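*Asks:* Let me begin by handing over the structure; questions about it come next.
The values are calculated or read from the model by the stated rules, or taken from the named source; none is laboratory data. Given the structure is predicted, the values throughout are model-derived calculations rather than measurements. Don't worry about glycine lacking a Cβ; one is built from the backbone with ideal geometry, like all the others, and counts go over all protein chains shown.
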Amino acid sequence: GDSVTQMEGPVTLSEEAFLTINCTYTATGYPSLFWYVQYPGEGLQLLLKATKADDKGSNKGFEATYRKETTSFHLEKGSVQVSDSAVYFCALALTGFQKLVFGTGTRLLVSP
Amino acid sequence: EAQVTQNPRYLITVTGKKLTVTCSQNMNHEYMSWYRQDPGLGLRQIYYSMNVEVTDKGDVPEGYKVSRKEKRNFPLILESPSPNQTSLYFCASHGGAAYNEQFFGPGTRLTVL
């Protein structure tokens, strides 16, 4: 079935460090890919998305590229801030389906 | 402001006592879903609705019911809650296409004793 695999956390970084959170997917069709972020005590917010191969989604300094050949959608940021501490979820959605398939989430902790 | 609201935010109850978690959206979205979030499992869909009076099961529907009598509301009903339904619940809505953003409510933390 369709699935999303994310790297286990927590990921602990110092402020201004480079961030990569790996995400790979398995899907029978051509999914849209998403990164959602969950700040403490809050619901999920869309961080960025890509809807077809080679698209790059970007927002707030984060970016991810839809790589069909490696079925990946890795999240990157060049310089993280303390305020980026949150749980990050990779997810996919297939045309005709009405749900998001989520990875297990990766907690990011950024220290000053 | 576009938003999805859920109530209550926190609920502690006992096994077998029926409860309802309400969800409302103000974006005129046709599609609404309920998810539960559990450690190590991410979010899993419980039920979804494609329009008024149209609902269908998601991945983990056992022990839950839903209804969609109005477009804006999508309550989640636990008729006889059990401890394994202790979880964090999210309601979400979206415009209908797979590439659309889903908007999530703030979550309801449910504890069943």
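*Asks:* Would you confirm whether any residue within segment A:79-87 is in contact with a strand residue (DSSP E or B) (Cβ under 8 Å, 6 or more places away or on another chain), free of Cβ contacts under 8 Å to residues at least 24 places away in the same chain and within 22 Å of B:Tyr35 (Cα to Cα)?
*Replies:* No, the conditions are met nowhere in segment A:79-87.
*Asks:* Output the residues belonging to segment B:26-66 that are modelled with pLDDT under 95 and part of a loop (DSSP other than H, G, I, E, B).
*Replies:* If the condition is that a residue be modelled with pLDDT under 95 and part of a loop (DSSP other than H, G, I, E, B), then B:Met27, B:Asn28, B:His29, B:Glu30, B:Pro39, B:Gly40, B:Leu41, B:Val52, B:Glu53, B:Gly58, B:Asp59 are the ones that fit.
*Asks:* Restricting to segment B:15-25, name every residue that is small (Gly, Ala, Ser) and either in a strand (DSSP E or B) or on the phi < 0 side of the Ramachandran plot (or both).
*Replies:* Residues of segment B:15-25 that are small (Gly, Ala, Ser), as a first pass: B:16, B:24.
B:Ser24 - this is the single residue of segment B:15-25 that is small (Gly, Ala, Ser) and either in a strand (DSSP E or B) or on the phi < 0 side of the Ramachandran plot (or both).
*Asks:* Sticking with this structure for a sec: If you go through segment B:43-62, how many residues are facing chain A (nearest Cβ under 10 Å) and among the basic types (Lys, Arg)?
*Replies:* Number of matching residues: 1.
*Asks:* May I pose another question? What single numbered condition from (1) of a type outside the set (D, E, K, R); (2) within 26 Å of B:Gln6 (Cβ to Cβ); (3) surrounded by fewer than 17 Cβ atoms within 10 Å (Cβ to Cβ) fails to hold for A:Thr95?
*Replies:* Condition (2) is where A:Thr95 drops out.
*Asks:* Still on this structure, I have one more. Give segment B:69-104 a look and list any residue that's at pLDDT 95 or above, in a loop (DSSP other than H, G, I, E, B) and within 14 Å of another protein chain (Cβ to nearest Cβ), or say none.
*Replies:* B:Phe74
*Asks:* Could you give me the residue pairs with C-beta distances under 8 Å whose first residue belongs to segment A:90-103 and is under 11 Å from B:Gly58 (Cα atoms) and facing chain B (nearest Cβ under 7 Å), whose second residue is part of a loop (DSSP other than H, G, I, E, B) and of a type outside the set (Val, Ile, Thr) wherever it lies, and which are 6+ apart or on separate chains?
*Replies:* Within 8 Å, the pairs are A:Phe97/B:Ala98; A:Lys99/B:Gly58; A:Lys99/B:Asp59; A:Leu100/B:Gln102.
*Asks:* For B:Gly40, only one of the following conditions fails: (1) over 14 Å from the mean Cα position of the chain (by Cα); (2) more than 10 Å from every other protein chain (Cβ to nearest Cβ). What is its number?
*Replies:* Here B:Gly40 clears every test but (2).
*Asks:* Suppose the filter is at pLDDT 95 or above, surrounded by fewer than 14 Cβ atoms within 10 Å (Cβ to Cβ) and either more than 10 Å from every other protein chain (Cβ to nearest Cβ) or within 23 Å of B:Ser80 (Cβ to Cβ) (or both); does B:Val14 pass it?
*Replies:* Values: at pLDDT 95 or above: yes; surrounded by fewer than 14 Cβ atoms within 10 Å (Cβ to Cβ): yes; either more than 10 Å from every other protein chain (Cβ to nearest Cβ) or within 23 Å of B:Ser80 (Cβ to Cβ) (or both): yes.
Yes; evaluated as a whole, the condition is true for this residue.
*Asks:* Which condition number in (1) surrounded by fewer than 20 Cβ atoms within 10 Å (Cβ to Cβ); (2) small (Gly, Ala, Ser); (3) closer than 28 Å to B:Thr108 by Cβ; (4) modelled with pLDDT of 95 or more is the one that A:Gly9 fails?
*Replies:* A:Gly9 satisfies all of (1) surrounded by fewer than 20 Cβ atoms within 10 Å (Cβ to Cβ); (2) small (Gly, Ala, Ser); (3) closer than 28 Å to B:Thr108 by Cβ; (4) modelled with pLDDT of 95 or more except (4).
*Asks:* Can you name every residue in segment A:18-54 that is on the phi < 0 side of the Ramachandran plot, more than 10 Å from chain B (Cβ to nearest Cβ) and outside any strand (DSSP E or B)?
*Replies:* Scanning segment A:18-54 gives A:Phe18, A:Asn22, A:Ala27, A:Thr28, A:Tyr39, A:Pro40, A:Ala53.
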